[in-house]
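Report on one structure; see the data block that follows.
The values are calculated or read from the model by the stated rules, or taken from the named source; none is laboratory data. Predicted model, so just to flag it, every value in this text is computed and none were measured. Here the Cβ is made from the backbone with ideal geometry for all residues, glycine too, and neighbour counts use every protein chain on show. We work out accessible area using only protein heavy atoms, side chains counted, and drop any ligands, DNA or RNA first. Shrake-Rupley method; radii C 1.70, N 1.55, O 1.52, S 1.80 Å.
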Amino acid sequence: MEIVRSRPQTTTAPPEWFTGRVFIDPIAPADGESRLRAYRVHFSPGARTAWHTHPHGQVLHVSDGVGLVQSRGDSVQLIRAGDTVRIGPGEDHWHGAAPSNLMTHLALHEAGEDGVDAVWGDQVSDGEYNEAPAGDGR
């Protein structure tokens, strides 16, 4: 057993994988032993990931704010604090904050045997991002 009492500093998310201001707190980053990855991700209003997949899927748990999530081919969905989103293995998706709200979520996923935990694609366009349903509280 190991108890980790200190954390790495908050990092700015890489711009090739995110749009807008996004900050990441590693909770269980790659350490060579476990394939589990856990991050607390803070999105400023309008910020979002690029399209991406995870080899074993992903679980998102929204801890604060209001956000958006979309699987390719489906409609944009509103997510709020307390919501949990399960994304299947290889499911192409994006997630981020609503245009007028901050959003923080826990992101949990498992890396593949090769150590890859995400395959990143194109940035989500403003048109894709703005497809959210009308009257959704944004």
If I filter the stretch 112-130 down to residues being within 19 Å of D74 (Cβ to Cβ) and without any contact (Cβ under 8 Å) to a residue 60 or more places away in the chain, which single residue comes out as surrounded by the fewest Cβ atoms within 10 Å (Cβ to Cβ)?
G127
Which members of the stretch 45-63 meet the condition of being in a loop (DSSP other than H, G, I, E, B), under 14 Å from the mean Cα position of the chain (by Cα) and within 15 Å of A118 (Cα to Cα)?
A50, W51, H54, G57
Odd one out for H42, checked against (1) under 17 Å from T19 (Cα atoms); (2) part of a loop (DSSP other than H, G, I, E, B); (3) open to solvent by 50 Å² or more (accessible area, probe 1.4 Å):
(2)
Report yes if S6 is surrounded by 15 or more Cβ atoms within 10 Å (Cβ to Cβ) and among the small types (G, A, S), otherwise no.
no
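Looking only at the stretch 9-39, filter to residues that are aliphatic (A, V, I, L, M) and buried (at least 18 other Cβ atoms within 10 Å of the Cβ); which one of those is farthest from G112 (Cα to Cα)?
V22
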Pick from the stretch 64-89 the residues that are outside any strand (DSSP E or B) and of a type in the set (D, E, K, R): which of them is surrounded by the most Cβ atoms within 10 Å (Cβ to Cβ)?
D83
